[in-house]
Amino acid sequence: MFRSLHMKLVLIMVLLIVSLMTVVGAFLMNSVVGFYMNEFYSQMRTAFSEDNIDFVRDLSTPTDQEEDGAEMISQVLGAYMGTLGVDSRSRNYYVLDGVTGKYLAGSDDEGGENLHITPNITAALMGEMGDESDVTADYMDVAIPIQRGESRYIVYILDNRQTVLSLNEELFALILQALVLGLLISVLLSFLLSKTMITPIERLTAAAQRVAHGDFSRKIQVSSKDEIGVLTENFNSMAHQLESTIADVENERNKLNTLFLYMTDGVVAFSSDGTVIHANPAAREMLARDIGPDTGYDDLFAAIAPMADVQEAGGSSLQGELETGGRILELQLAPFDQDSHTGGVLVVIHDVTTQRRNEEMRREFVANVSHELRTPLTNIRSYAETLADGGSDLPPHTARSFLNVILNESDRMTHIVQDLLTLSRFDSGYSQLNLTWFSFAQAVEDSYQAVLMEAQRHGHTLSLDLQADLPPIRADRERVLQVMMNILSNAIKYTPDGGTIRISAGRQGQRVWMEVDDNGIGIPAADRPRIFERFYRVDKARSRESGGTGLGLSIAKEIVDRHEGVLRLVDKKAPGLTVRLELLIQGPRERGQSHGA
């Protein structure tokens, strides 16, 4: 009912009138009470002031043959009833004993017998004039101590405020009449006012509905210069701008359609319900099938990733591969317009058949070379050990120096071959994970103990900080230990002697994590994006000096990726490096699980 602007304006006016009359009525009624009380006490102070000598003298001066002083005071008060405003109905006078406060005489014997001691009477008993007002009381009173000869009396004037109540009742009735009349006038005026305001708003509403349906042909006539007139002008300008914008968008849409038509990568767009919105010729060619309005997402890509998973990816995208018609297709699946109900999924298709064949050839080459190198490397090492034990014609120190070089280089080459074989197994898919449940905390502690002596040999301070109640995890324990040892070995190797290395581990949601923080030489920002690439070394001379091959971190990253975990560098302001390892507590999904060696 009150959603209508008409009714809202009427309600506002009614509330305004009611509030105004309520405030005015309360103010008037309080003012009447205040005025009457001030008038009462002012009248009493004037009557009993020293300026009214005759009245005060008659009250305090006894006669020669006086027998009852209270009765004489009562007679004097009776003579001055007009001055005191006593009417024997709402206001009366009483003569009380000045010591006990007992009623002796007055204009209202019945009321006098039932008088209660008020604060003003108490003040008069103490010898002071009691003329304090109390707004909250239902009466007004004043008590004046009178010394008449040897006797003490109290003249007590009491007003029950009946006159004030009667006046307030009349005033309240008058306010109600004014309120009813004001409400009638306000309702009439509010209807007229709302009609004046709402008519142009209704025109704006009708015009907005036409614009919403694509009709930009008609403009609203501006008939006033007030705020509504300004709003109307702005609406006309907005409609014109919107028409221009829609034309520009349509032009850009035509450009995009042309781009999709001739681009080499395939593009397929789906609505939120999985139906095809757009598919370019390249996509039809790569998928080797016709894609029409009846083709759904599930018909094409459900095997790669369910549409719900793609839509829940948020700002990221999912990747997948599809083999069809002798082609290897790389798919990029991403949601669009996530903030609206019309959003869907966009799939970009890239033909990587040639690229994958080249990669396969390269992997096979590395595997073959690695296998061929193992036998001669083993022979070289055996020969070098024999020379070191048996001696030669060379001077002993020279022969041992040569032999040590041979041994070091053979160890380096052996490590390279072993790393190459490991990467080759990962690339070919023959290296499988042996998933078991084990204590993550114990694995971190074992790694700590394994490198403790090496760290102490370099003078490092090595600390371990484990959160309480770390859960067991499902992973390949040997591979995880390999990653941990690689991270710790690098921290010890690239931290100058006497450094500080801190190992910490904990849990975050459904993952466990380990961080290794050192104050070593660190890695420049320009080299960080490539630190996990194979054979990549920040400083080749430094790596060769410390025995690095450039494969350790790439192997560690491969292992972590197979566990669907995260291995990354953490930004820090202080010198050194922080490496963070994160693993799923439940382990990788089924497609990454195997119990083979």
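The values are calculated or read from the model by the stated rules, or taken from the named source; none is laboratory data. What you see is a predicted model, and the numbers here were worked out from it, not measured in a lab. Ideal geometry is used to build each Cβ from the backbone, glycine not excepted, and the neighbour counts take in all protein chains shown. Side chains are part of the model used for accessible areas, which takes the heavy atoms of the whole protein and leaves out ligands, DNA and RNA. Shrake-Rupley method; radii C 1.70, N 1.55, O 1.52, S 1.80 Å.
To the nearest 20 debye, what is the magnitude of the charge dipole of segment 28-97 about its Cα centre, counting +1 on the Cβ of each Lys and Arg and -1 on the Cβ of each Asp and Glu? List each step's numbers first, then the result.
Working: 4 positive and 12 negative charges, 114 e Å.
Magnitude of the dipole: close to 540 debye.
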(message) Applying a 10 Å radius around every beta-carbon, put 85-97, 272-284 in order of their mean neighbour count, most first.
(response) 85-97, 272-284
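Can you pull the Kirkwood radius for segment 147-237, inverse mean 1/r over Cα pairs, to one decimal in Å?
On the way: mean 1/r = 0.0514 Å⁻¹.
So the Kirkwood estimate lands at 19.4 Å.
Can you check what the Kirkwood hydrodynamic radius comes to for segment 414-518, Cα pairs only, in Å to one decimal? Mind dumping the intermediate values first?
Numbers: mean 1/r = 0.0663 Å⁻¹.
In segment 414-518 this quantity evaluates to 15.1 Å.
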(message) Tell me the carbon and sulfur percent of the accessible area for segment 1-134, rounded to whole percent, probe radius 1.4 Å.
(response) 56
(request) Output the relative contact order of segment 441-491, whole-number percent, from Cα pairs under 8 angstrom with separation of 6+ residues. (result) 55
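Using only the Cα atoms, work out Rg/Rh for segment 240-285, with Rh taken as the Kirkwood radius, to two decimals. Intermediate results must be reported in sequence, preceding the final value.
Details: Rg = 13.5 Å, Rh = 12.0 Å.
Result: Rg/Rh = 1.12.
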(message) So for segment 1-138, averaging the separation of alpha carbon pairs under 8 Å that are six or more residues apart and normalising by length, what relative contact order in percent results?
(response) 14
(request) Report the dimensions of segment 81-176 along its three principal axes from the alpha-carbon atoms, largest first, rounded to Å. (result) 57, 25, 22
(request) Work out from phi, with θ = phi - 60° and the Karplus expression 6.51 cos²θ - 1.76 cosθ + 1.60, the ³J(HN,Hα) of each residue of segment 444-452, listed in order in whole Hz, and give x for Gly and Pro. (result) 5, 5, 4, 5, 4, 5, 5, 9, 4
(request) Report the net charge of residues surrounding Pro119, where surrounding means a beta-carbon distance below 10 angstrom and charges are Lys +1, Arg +1, Asp -1, Glu -1. (result) -3
(message) How high is the relative contact order of segment 275-330? Use alpha-carbon pairs under 8 Å, at least six apart in sequence, and give a whole percent.
(response) 30
(request) Using θ = phi - 60° and the Karplus relation 6.51 cos²θ - 1.76 cosθ + 1.60, list the HN-Hα couplings for segment 84-90 in order, rounded to whole Hz, with x at every Gly or Pro. (result) 8, x, 6, 10, 6, 10, 9
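Quick one: net charge around Val451, please, counting Lys, Arg +1 and Asp, Glu -1 for every other residue with C-beta under 11 Å from its C-beta. Can you show the working numbers first?
Numbers: positive: Arg457, Lys493; negative: Asp446, Glu454.
Here the count lands on 0.
How compact is segment 1-135 by the rule of thumb for globular proteins, expressed as Cα Rg over 2.2 N^0.38 Å? Could you put the intermediate results ahead of the total?
Values: Rg = 23.9 Å, N = 135, 2.2 N^0.38 = 14.2 Å.
After normalising by residue count via 2.2 N^0.38 Å, the value is 1.68.
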(request) Grab the other residues whose beta carbon is less than 14 angstrom from that of Met286, score K and R as +1, D and E as -1, and report the net. (result) -4
(request) Starting at the first residue of segment 245-260, write each ³J(HN,Hα) from the Karplus equation 6.51 cos²θ - 1.76 cosθ + 1.60 with θ = phi - 60°, in whole Hz, x for Gly and Pro. (result) 5, 4, 5, 5, 5, 5, 5, 5, 4, 5, 5, 5, 4, 5, 4, 4
(message) Just the number please: accessible area per residue for segment 118-167, 1.4 Å probe, all protein chains included, in Å².
(response) 49
